[in-house]
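Below is one structure, written out as structure tokens; comments come after it.
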Amino acid sequence: MELKFLGTSAGIPTKERNVTSLILDLQGTRNALWMFDCGEGTQHQILHSPIKIPKLEKIFITHLHGDHIFGLPGLLCSRSMGGSTDPLTLYGPTGICQFVETTLQLSRSFLTYPLEIIEVQPGQLFDDGEFKVTAYALNHRVECYGYRIEEHDKPGALDAQKLNQDGIPRGPWMQTLKQGGTVTLEDGRTICGQDYLGTPIRGKSLAIFGDTEPTPEALKLAANVDVMVHETTLEDAFAAKANERGHSTTKQAATLARDAKVKHFIATHISGRYDIEDCSRLLAECREIFPNTDLAEDFAVFKVK
Ligand SMILES: [Zn+2]
Ligand SMILES: [Zn+2]
């Protein structure tokens, strides 16, 4: 599982950073990509990456500010022009449906694939047996959500040595044993898979935030996750200004990472006022509070460990 940053700038694009978009590549679990936000120009960023638009299975929009959604209609149409017929599900706040339907209708665009649009309420969005995704309301100037993604634990591997020791022959029943199920062998013995499985493989968890000033909900959203992706629009000295506009600072986000006991914090959504040198200062401010912080750049890739 990998996080691939396509855009890391707040509000407007800069020469180094495009506006917000992030891909969660679920390789290893299923052959699909999930996208979080889709700022203008996201498809151009995709052209400079190995990402394949048809593999997009779900898009989660945090809020309807332009720097998070203006790339959406173009991306949806390009997926169609590529001839894709695989369904796509789009999650977002109230109004996402009107935004997409209006832009497609007025531009006389149509899609070759089924697009399901779900307007989000706080709470669980789905649990498909592999992943559970829950939306948390954040505190921005418009309705805004953060998404908590929890992968279910997987059964450990079958212990081949133990199976041999107990004289359990190989056969089609291995599949059931692998899932921890019970089978009756030809010799009449009843075997329970659970007795032959190694330690379960722990599922990964992530918290992907939208724009927000500090809010108590954030602690629940990020509690103990493997990776937290959170905005750090401004540096610590501009806390009042950041919060007034519904944003967080470096130190506020890093404090959340520490208090929520996350394992890895990736800072993004950086104001266009900062150049590369400024960014190392922003990163240093975060690391002062939460050492395992990285500051995302466009095209940065992070393994979810
Ligand atoms: Zn923004
Ligand atoms: Zn915003």
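The values are calculated or read from the model by the stated rules, or taken from the named source; none is laboratory data. The shown structure was predicted, so the numbers you read here are calculated from the model rather than taken from an experiment. As a convention, Cβ positions derive from the backbone with ideal geometry for all residues, glycine included, and neighbour counts pool all protein chains shown. Quick note on the areas: whole protein, heavy atoms, side chains included, nothing else; ligands and nucleic acids left out. Shrake-Rupley method; radii C 1.70, N 1.55, O 1.52, S 1.80 Å.
For the set ASP259, ASP278, ASP25, solvent exposure ranked by accessible area (probe 1.4 Å, protein chains only) runs largest to smallest as ASP259, ASP278, ASP25.
For region 52-72, the residues whose backbone nitrogen is under 13 Å from a point 7 Å from the Cα of HIS44, taken along Cα to Cβ, are 71. From most to least packed by mean Cβ count within 10 Å, the peptides 181-192, 210-221 give 210-221, 181-192.
Reducing region 173-198 and region 280-299 to their Cα centroids gives an inter-centroid distance of 48 Å. Under a model in which nothing but the beta-carbon of Lys, Arg (+1) and Asp, Glu (-1) is charged, the chain shows a dipole of about 400 debye around its Cα centre. Listed cross-link partners LYS15/LYS204; LYS15/LYS261; LYS52/LYS241; LYS132/LYS303; LYS55/LYS305; LYS52/LYS178 are compared with a 30 Å cut-off, the Cα-Cα value being larger for LYS15/LYS204; LYS15/LYS261; LYS52/LYS241; LYS52/LYS178.
Mean separation of Cα pairs under 8 Å and 6 or more residues apart, divided by the residue count, gives the chain a relative contact order of 17 percent.
Note that the chain presents 47 Å² accessible area per residue, ligands and nucleic acids not counted, probe 1.4 Å.
Label zone of GLU297 (point 7 Å out along Cα→Cβ, amide N under 14 Å): in region 256-287 this covers 275-281, 283. Taking the charge dipole of the chain about its Cα centre, with +1 at Lys and Arg Cβ atoms and -1 at Asp and Glu Cβ atoms, the residue from PRO93, GLY83, LEU295 reaching farthest to the positive side is GLY83. Please work out the C-alpha center-to-center distance from region 54-127 to region 11-45 and express it in whole Å. That distance is 14 Å. If I model a spin label at ALA32 and THR85 as a point 7 Å from the Cα along the Cα→Cβ vector, what separation in nanometres do I get? Result for the modelled spin labels: 1.9 nm. Mean sequence separation of contacting Cα pairs (under 8 Å, at least six apart), scaled by the length of region 151-199, corresponds to a relative contact order of 44 percent. As an equivalent ellipsoid, region 50-95 spans semi-axes of 20, 11, 9 angstrom, where each value is the square root of five times an eigenvalue of the C-alpha gyration tensor, largest first. Considering only GLY146, PRO122, ILE191, the residue lying farthest towards the positive end of the dipole of the chain is ILE191, judged by Cα position with unit charges set on Cβ. Annotation note: chymotrypsin sites (Phe, Trp or Tyr not before Pro) in region 220-305 located in DSSP loop regions with a Cβ neighbour count of at most 15 within 10 Å are PHE299. Both radii are taken from the alpha-carbon atoms of region 120-236; with Rh as the Kirkwood radius, Rg/Rh is 1.25. For region 1-117, a simple Cβ point-charge model (Lys and Arg +1, Asp and Glu -1, everything else neutral) yields a dipole of about 200 debye relative to the Cα centre. Share of Cα-Cα pairs in the chain beyond 26 Å, in percent? Cα-Cα pairs of the chain separated by over 26 Å account for 49 percent. Taking chymotrypsin sites (Phe, Trp or Tyr not before Pro) across region 32-136, the ones in a DSSP loop with at most 12 further Cβ atoms lying within 10 angstrom of their Cβ are PHE110. The portion of the accessible surface of the chain made up by carbon and sulfur, rounded to a whole percent, is 52 (1.4 Å probe; DNA, RNA and ligands excluded).
For region 24-48, the residues whose amide N sits under 18 Å from a probe point set 7 Å from the Cα of ASP128 along the beta carbon direction are 24-37. Placing pseudo-labels 7 Å out from each Cα toward the beta carbon at ARG245 and GLU119 gives an inter-label distance of 2.9 nm. Here the spin labels are modelled as points 7 Å beyond Cα on the Cα-Cβ line, and at LYS220 and LYS162 they lie 3.8 nm apart.
Estimated from the Cβ-Cβ distance and a Förster radius of 35 angstrom, the FRET efficiency linking THR184 and GLU57 is about 0.35. Highest-first packing order for the peptide set 150-157, 244-251 is 244-251, 150-157, based on the mean count of other beta carbon atoms within 10 Å.
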